[in-house]
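Please treat every number below as a calculation from the coordinates, not as lab data. In this text, all values refer to a predicted model and were calculated from it rather than measured experimentally. Methodologically, a virtual Cβ is constructed for each residue, glycine included, from the backbone with ideal geometry; neighbour enumeration extends over all protein chains shown.
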Amino acid sequence: MNYTSGFTLKPDATSTILEMYFSGESESTSRISKIFTAVFGRLGARVTRKFMAKDLEDIAAKAESLAGK
């Protein structure tokens, strides 16, 4: 699998919007790999989405605490 992730910062009227992106693409074209991806892909996406949301919450909390100093 090739994974790509990153952040984008966008200015807003009074703040900055932080967006996070993530993708994964399989290099394999084997039938087994395609079946595995079809079966477990949604579960992996759900778990990844949950972790990303938590990461963004943590980043926001830290940024907000630093802004108050």
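Here are the numbers for this structure:
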item: Mean separation of Cα contacts under 8 Å (6+ apart) over length of the chain, as relative contact order %; result: 25
item: Cα extents of the chain along the three principal axes, largest first (Å); result: 54, 18, 16
item: Within the stretch 1-46, GluC sites (Glu not before Pro) in DSSP loop having at most 11 other beta-carbon neighbours inside 10 Å; result: E27
item: Cα-Cα pairs of the stretch 20-59 separated by more than 17 Å (percent); result: 41
item: Most mobile listed residue (F36, F22, F51) in the chain, GNM with C-alpha springs under 10 Å; result: F36
item: Over the chain: helical MRE at 222 nm, DSSP H runs n ≥ 4 each giving -39500 (n - 2.57), nearest 500; result: -19500 deg cm²/dmol
item: Pairs of lysine residues in the stretch 1-66 - Cα separation under 22 Å, sequence separation of 8 or more or cross-chain; result: 4
